Amino acid sequence: MEMIRDRIRLVVMDMAGTTVQDLHEVEACFSQAARESGLEMTEEEIRSVQGWSKRYVFETFWERQIGVRGDRWAARVQNSYALFKEILEHHYLTQPVYPTNGCLETLQFLQDHQIAVGLTTGFYRQVTNIILERLGWLQGLDPDYLAPRGHLIQSSIASDEVSAGRPAPDMIQRTMDRLHIEDPGLVINIGDTPADIESGRRAGVYLNLAVTNGTHTREQLEMHRPDQLLARLDDLIPLLHSPLA
């Protein structure tokens, strides 16, 4: 009997909240940057855009606050984004960084079964590399952030390396291109935010999953209709052992 694991060639995973522990630290960094730069956003609004490209969030909400895009808008966006980067990089350079529960077991399982792993993130490359370095995942990646089979991770894509960050499907599609996978029916996408789910839906992946031990609760994620919710990342392993429908 053919199992799901026999079909899948690539699992695309978000970072903060999915493979990297995030106890709302990114929200706190963003909230501090917004507050200190004068951007008016509620905590619920900040939570609702988790997973988006962070620069895109500043662009969107500064346009709402000012009413028009122009020189003043551009200056405000740049100021907020620069402040956010400073706060975020300081956080990841000085605070512990851990993989999520079940993450390492899942990565090892996928490696053992010759299934590629692509990491995607709403972060920009500089802070992405800080996180990868702290976790020991940067080792083995080449200058294009690719690695052959035998490493835990085969590809890393940051939001500033594609035309549009989540909820657009660009990072998933770019990962597929880099790993020479043409059919999204051979791909699983996993995240922990509504933007992750929407990105996977637009990419047309075989399974579009979300974990409930990240930044959003089961109730918050259910309304966005992922194919399945996982309590933690290694719940993927028994799912991959399930027979193909």
Report task. Quick one: Ala164 ticks every box in (1) of a type in the set (Gly, Ala, Ser); (2) within 15 Å of Trp52 (Cα to Cα); (3) surrounded by 16 or more Cβ atoms within 10 Å (Cβ to Cβ); (4) touching a residue at least 40 places away in the same chain (Cβ under 8 Å) except a single one, so which number is it? Result -> (3)
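Rundown of residues vs (1) assigned to a loop (DSSP other than H, G, I, E, B); (2) farther than 18 Å from Phe123 by Cα, yes/no style:
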residue: Pro167; (1), (2): yes, no
residue: Ile172; (1), (2): no, no
residue: Glu182; (1), (2): yes, yes
residue: Ala210; (1), (2): no, yes
residue: Leu221; (1), (2): no, yes
residue: Asp235; (1), (2): no, yes
residue: Ala245; (1), (2): yes, yes
Query raised in the report: Between a first residue in the range 215-229 that is touching a residue at least 60 places away in the same chain (Cβ under 8 Å) and a second residue that is small (Gly, Ala, Ser), which pairs have beta carbons less than 7 Å apart while being 6 or more apart in sequence or on different chains?
Result: Thr215/Gly17
Query raised in the report: Considering the range 139-161 alone, what residues qualify as being in a loop (DSSP other than H, G, I, E, B) and either at pLDDT 95 or above or of a type in the set (S, T, N, Q) (or both)?
Result: Gln139, Leu141, Asp142, Pro143, Asp144, Tyr145, Ala147, Ile153, Gln154
Query raised in the report: Only one of (1) within 20 Å of the chain's Cα centre (by Cα); (2) assigned to a helix (DSSP H, G or I); (3) not basic (Lys, Arg) fails for Pro96. Which number is that?
Result: (2)
Query - Criterion violated by Val11 - all others in (1) part of a helix (DSSP H, G or I); (2) surrounded by 15 or more Cβ atoms within 10 Å (Cβ to Cβ); (3) at pLDDT 95 or above satisfied - result: (1)
Query raised in the report: Gln50 is checked against (1) farther than 20 Å from Met15 by Cβ; (2) assigned to a loop (DSSP other than H, G, I, E, B) and fails just one. What number does that condition carry?
Result: (1)
Report summary line: Of those in the range 109-138 that are in contact (Cβ under 8 Å) with a residue 40 or more places away in the chain and in a loop (DSSP other than H, G, I, E, B), the residue farthest from the chain's Cα centre (by Cα) is His113
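The values are calculated or read from the model by the stated rules, or taken from the named source; none is laboratory data. Just so it is clear, the model here is predicted, and its values are computed rather than measured. Note that each Cβ is placed from the backbone with ideal geometry, even for glycine, and that neighbours are counted across all protein chains shown.
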